[in-house]
Protein chains: 2
Amino acid sequence: MEIILTEDVLSNNNEAARFNRDLFRKKNTLTINIMSSPGSGKTTLLEKTVADLAGKYRIGVIEGDLATQKDADRIRAAGAKAVQINTNGTCHLDARMVAKVLPEFQDDEYDLIFIENVGNLICPSSYDLGQGRNITMLSVPEGNDKILKYPVMYQRTELVLLNKIDLIDLLDFSIEEAIEDLKNINPSSRLIPVSARKGTNLEEWYAWIDKAYEEWTKAQKELETK
Amino acid sequence: MEIILTEDVLSNNNEAARFNRDLFRKKNTLTINIMSSPGSGKTTLLEKTVADLAGKYRIGVIEGDLATQKDADRIRAAGAKAVQINTNGTCHLDARMVAKVLPEFQDDEYDLIFIENVGNLICPSSYDLGQGRNITMLSVPEGNDKILKYPVMYQRTELVLLNKIDLIDLLDFSIEEAIEDLKNINPSSRLIPVSARKGTNLEEWYAWIDKAYEEWTKAQKELETK
């Protein structure tokens, strides 16, 4: 299926987000937008995820960074198709940037596309990319206070992956306090503690993906039969 | 000295930055703007710094965050005057926000005012606050790739404080590589490795402050005699 981008699509972010969302639906691709501070471990998580789930899902990755191809190179080395977006200074991805790289995915089928947003705990939460699901990573070294100090990010996410729990005994971080703070500002979200680097508790994250994918395909079928 | 903010001053960022810079000169206050990702350890460094240097300098702190008074409370508990700015969603401090809180410092003399910017490795680097010096913190858990992935931030800083070196044996981080990357994009800057939490190598950071303060006062005297 050839993907054609018209000027209309690229005229504003909402148009582009709608275009992306429609296209992901037509292609039966669940897209998961991952946001976090710089260095929380998004790319390490995706390296593990694309390798571990390669037999189950056809996975693509869109990498957002101000500069360099480093993250896309890492994902390719882990075995998945990856396209790098360089925002050249812009502090977040937007739907137009994403739309512009979608033709690079047109020749294959994808069950899942992960979009790794620019490392930033503020700006990315305000831009609809047309994604299916929104998740946020927090890492133990960043500290407990981030959830309440960056409320908009944590209010707009449905899952918090608490990464780097292998360091928890060395640092003052309380998982209970993080769950409590999250519950107060975003009652419907949940938290999964993991260590992407050590591979700890990734099965809970993979189970979340399975459930998200199942819900997505079910919702698609309901749309089709309407 | 009463600080009066006119509408002119607040009309745009450059006007406000000029106002702040002039005021800091008149008051003989060196201001140091500290930027980093969320959770790099800026507040922990400032807690240690205001306590350790209390006998030497009269220190004030301006804390920038989207939400909460958490950081200003921590600085006050460490023994310094602190004023919290809440940006309510804006991803950086600007000079107008800083100008608006300066009257809160008018009744005392300050040798040093630290401005802890919003945790964000992108947006804060583009806004002049009228500060004397610009520094950036990087923490070991964030990884070596940050310097090249966020080039504007590291090009516009004169000092990189590499924090959390107490964790370096557990993580894949090379100080040599960080120094090399920094040299390539910003030859005149330098890097000081520290652990704010453990108090490691803070004397090198304090020596940097002493030198910056000495240069500042010397430059002030030269301006006066012109």
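The values are calculated or read from the model by the stated rules, or taken from the named source; none is laboratory data. The model shown is predicted, which means the values in this text are computed figures rather than measured ones. Virtual Cβ from ideal backbone geometry, glycine too; neighbours counted across all protein chains shown.
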- Query: Can you name every residue in region A:171-204 that is of a type outside the set (Lys, Arg) and more than 25 Å from A:LEU46 (Cβ to Cβ)?
  - Reply: A:ASP172, A:SER174, A:GLU176, A:GLU177, A:GLU180, A:ASP181, A:ASN184, A:ILE185, A:PRO187
- Which fully enclosed strands (runs of 3 or more DSSP E) of region B:106-218 have 2 or more residues being touching a residue at least 60 places away in the same chain (Cβ under 8 Å) and farther than 18 Å from A:SER139 by Cβ? B:112-116, B:133-139
- Query: Taking into account only those residues within region B:146-158 that are surrounded by fewer than 20 Cβ atoms within 10 Å (Cβ to Cβ) and touching a strand residue (DSSP E or B) at 6+ places or on another chain (Cβ under 9 Å), which is farthest from the other protein chains (Cβ to nearest Cβ)?
  - Reply: B:GLU158
- Message: When the residues of region A:9-51 are narrowed to those that are of a type in the set (A, V, I, L, M, F, W, C) and touching a strand residue (DSSP E or B) at 6+ places or on another chain (Cβ under 9 Å), which ends up nearest to A:PRO193 (Cα to Cα)?
- Response: A:LEU45
- Item | Residue satisfying condition, being modelled with pLDDT of 95 or more and buried (at least 24 other Cβ atoms within 10 Å of the Cβ), within set B:PRO124, B:PRO103 | B:PRO124
- Starting from region B:15-28, keep only residues that are farther than 8 Å from B:ALA95 by Cβ and at pLDDT below 95, then list their pairs with residues that are among the aromatic types (Phe, Trp, Tyr) and outside any helix (DSSP H, G or I) whose Cβ atoms are within a distance under 9 Å, requiring at least 6 positions of separation or different chains. B:LYS27/B:TYR110; B:ASN28/B:TYR110
- Task: Kindly indicate whether any position in region A:173-183 is among the β-branched types (Val, Ile, Thr) and surrounded by fewer than 18 Cβ atoms within 10 Å (Cβ to Cβ).
- Result: yes
- If A:LYS226 satisfies every condition in (1) surrounded by 17 or more Cβ atoms within 10 Å (Cβ to Cβ); (2) farther than 25 Å from A:PRO124 by Cα but one, which is the exception? (1)
